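A quick write-up on the structure given underneath.
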Amino acid sequence: MALESLLVIILVGAVAGWLAGLIVKGYGFGLLGNIVVGIVGAFVAGLIFPMLGLSVGTGIAGAIIHATVGAVILLFLIRLIKRA
């Protein structure tokens, strides 16, 4: 993996994690935590979206939307697990 690809993944993960933290109020994990939540969220959305036949677009904006939706799903799951 090239350095540029790694930087794009980190940037998309950071933005997606930050946006998901804003959407799901009360779940800010700091910069590193937001990056991790965004990257894991992108993975979650990458598993769920194809099964549902959904596509959000291409490019950086599509990747950010994709990862944000996955991160929101992940944060809701974390919230459910913490309450149980």
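Directionally averaged projected area (the chain, Cα convex hull): 5.9 nm². Here the extension length gained between F76 and E4 equals 22.8 nm, from 0.36 nm per residue of separation less the Cα-Cα distance.
The numbers here are math on the coordinates, done by the rules we state, and not lab data. All values reported here derive from a predicted model rather than from experimental measurement.
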